[in-house]
Structures are given as structure tokens and as C-alpha cells.
1. Roughly speaking, what % of Cα-Cα pairs in region 33-140 are separated by over 24 Å, rounded to a whole number?
2. Rg(Cα) of the chain divided by 2.2 N^0.38 Å?
3. For region 305-411, which whole-number percentage of the solvent-accessible area (1.4 Å probe, protein heavy atoms only) is attributable to carbon and sulfur atoms?
4. What lysines could a cross-link reach from Lys197, if we take a straight Cα to Cα line under 21 Å and drop same-chain neighbours fewer than 8 places away?
5. Taking the 0 to 90 degree range and rounding to the nearest ten, how far is the long axis of helix 333-344 tilted relative to the main principal axis of the chain, both from C-alpha atoms?
6. Take every Cα-Cα pair in region 253-338 and report what % of them are more than 18 Å apart.
7. Amide H of Met346 versus every other amide H placed in the peptide plane: which residues, excluding those fewer than 5 positions away on the same chain, fall under 5 Å?
8. How many angstrom lie between the C-alpha centres of region 288-306 and region 335-411?
Amino acid sequence: MDKLPAKKWDQLIINANLATMADDGYGAIESGALAIANRRIAWLGSMKDLPGAPDDCARDVHSASGQWLTPGLIDCHTHLIFAGDRSTEFEQRMSGATYEEIAAAGGGILSTVRATREASESDLIEGAAWRLRHLISEGVTTIEIKSGYGLETESELRMLRAARRLDDRSPVRIVTTFLGAHAIPPEFKGDADGYIKLVCREMLPAAVDEGLVDMVDAYCEPIAFNRAQVAEVFEAAGEHDLSIKLHADQLSDGGGAELAAEWAARSAEHLEYTTEDGVSAMAEAGTVAVLLPGAFYSLRETRRPPVDLFRDYGVPMAVATDCNPGTSPLSSIITAMNMACTLFGMNPAEALRGVTVNAARALGLDDEVGSLEVGKLADLALWEIQHPAALAYWVGGRRCRRLYRAGEIVY
């Protein structure tokens, strides 16, 4: 093999075991190396195939000492920005109250809405920052953050501005999702159609004008919005050339998976009640299934997402924390991986793919991140583990040893 010009690469990580996630399973390369140049992966493979002595190939050479290198993890569904506290609702649920009963009594999403409307942008940033730091410590380099707790124009914009400021201040990438169609605000009680018009005609255009939106989401459930109302939101998103996601079939079979597929959504999320017809439609549309075991666990649900059907139809499965103040108070992507295995029957390789390559696909970022491949950004996490399965095995307490974002060490 021809040797490279001296010092061609900026960095070279040697003596690493690579979980590339580029093929089925882990795509493992043991006793491997990975090179970084201009913030991207420039070469990877077995140590024995290096095109020269390490010190001749790169300006900086680091030994991983046999540790495992994975893509930076991706949390592709969160509600990280909010104000207020809903721990008393946990007490209510433990006493037998249902999610719907709590919502009907003025709790649920609307209690967070009241607190979020009263919070300043700085308050929202400060509240979210510690949750973000915890995710970063667990190897997350990309995170999606939704609005949806303002439910009025200025409050929704404030949430999205807070997310953008977090993106500027933090070392990781933040994807913003407009979720104005999250719940019906008290001002529009009994007039969901009127509220959807506000979402489509005022809220979304204002957020787009400020450059605050990367994607659009909605909540399709009897306690939120029906298929026709969600379709209006998706049509408005299309007018602004924005990709879409959908909270679908979490509490009932409302045909949400089919609706997401019909509109070529990047992902449909929750999916506990999705039928085979919905799975088939998602497979045909290329829509990713985003599984959220934290909400399943917190709500003590018993209906699992149809994981076997997703496998049979080849629907990619992502996993996320759904970090939120009411139904998934979970800020650990590692715990979400474990829950996806123990509660939903995924295997550890599927769980790791769920927070890497498939999560990237759910956000439309799979050309840039999610796997270790030449040309992709060098978003990397280094782990002191014996096997990649350990990441889904341990319940919490697992921290990455080193985290790279676009080739720079950020943790």
C-alpha cells in the first residue's frame, strides 16, 4: 500500500476497538484506528492496515488503550426546555390516577405551560443546562429539543430561542423542533380548529422568520389533535420546506403511523398502539420508529410497541429519552437504551443503533453523523468497556471517557 504524505492527518486514535454501526449489528473492528482531518473522519480500519507509522501519519496521536470507540450518541426526541415541577403528578399516578384524568383536572402538559409562560428565556436556559450536561456526560453529541410548552406565539418563540442559545453555548449540536400542536391551550378550550389556525398562520411563520425551526412535530391523540388537524400542521410545514415528525399511537390506535407515512415523516414516535397496517405504511415511506421507553415506564403502560413487526418490515428503530417534566423524567440516554431492551425486547446492538445511526436518520442527519465512516463528522465517544453490549447493560452510572464533537474533545 502506498504511504501517505507525512502528517496528512490532524489526529489519529490508535489501539481502539471500533463500533462503527455502519453495517448490521455493531460493525465492529477490533484493534483498530481512526484518523481525523478537517473535523471529519479521514480513515479507519485495522491497526495492521495503517499506511505508515502512526507518528508519520498524523500530527497528534492518541492511544485508546483498547477501549471502545462509538459514534457520538444522539437523543432524537426530547422536551428538554421547560419550567415548573410536576413531581406531585407522580404521586397522583402512584395513587391510581390516569394520565387523562390528571390532564382533565388541569395538570399534565397545561401545568407545565403555565410555568413556562411565566419563565424568562434565561430561566429556561438555566433549567435545561444541567439536563444537557448530564446527556453530554453520557456521550451525546446531538440532541433534539422541542417547543410545545408555550402554546402561544411569544412563549413558543421564547422556548425555541432558548434552544438556539443553548446550541451556541454548548459543545454539542441541538436540533430544534416546533411542537406548537402539543396540546390545546386554555384560551382555545373547545376550539381546537381555531388553535390549529393560530399554529399554522402565526406561530410557525414567526418561528421560521427568526430562523428558529429545523423540524415540525405534532401530537395526534384524542386528548390533543385529530388526523385532519395534524394534516393542516404538516401542510404548513411543507410550505416552509420543513421536515416533519409525529407523536403517534401512544395512548390509542389513532392511525398516527399511517398519517406520518402518508406525509413522508422522518419519524413517528411512541407507537405503542400502532397496528401492522401502520408498520407496513412506515416501511414503505421510510419513516423511522422512535421508541420512548421512559414514558412507557413512567406511565406504567402495558402495551409495548410492535418491535417484532418493525423488525419483520425493516423499519429502522431509534431510541430516545423523551426527557420531559411529566411523563418521562429521564435525562439518561444509557438508561433509555437499557429500558428499550428490558421493556421492549430490543437487543443491545439494536439499542445502540437506536441512539446512533437510526437516531441520525430520524433527524435527517445520517449523511453527517450516526456511524463511523470516512467523510462523516468526527463525533465520537470513547468508552472503558469490554464489549459494546455493556452500554445497554448497565443502568445509569456509565460515563464516556472522552467525547469528540467534530474532532474536538468536548468532555
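1. On the way: 3176 of 5778 pairs.
When all Cα pairs of region 33-140 are counted, 55 percent exceed 24 Å.
2. Numbers: Rg = 21.4 Å, N = 411, 2.2 N^0.38 = 21.7 Å.
Rg over 2.2 N^0.38 Å, computed on Cα atoms: 0.99.
3. Details: 1770 of 3730 Å².
Accessible surface attributable to carbon and sulfur in region 305-411 totals 48 percent.
4. Hits, sequence-local ones excluded: Lys146, Lys189, Lys245.
5. 70 degrees
6. Working: 1457 of 3655 pairs.
Distances greater than 18 Å cover 40 percent of the Cα pairs.
7. Here Cys341 satisfy the definition.
8. Cα centroid to Cα centroid, the span is 20 Å.
The values are calculated or read from the model by the stated rules, or taken from the named source; none is laboratory data. The model shown is predicted, which means the values in this text are computed figures rather than measured ones. All Cβ positions, even for glycine, are placed from backbone atoms using ideal geometry, and neighbour counts span all protein chains on display. When the accessible area is computed, the model is the full protein with side chains, heavy atoms only, and any ligands, DNA or RNA have been set aside. Shrake-Rupley method; radii C 1.70, N 1.55, O 1.52, S 1.80 Å.
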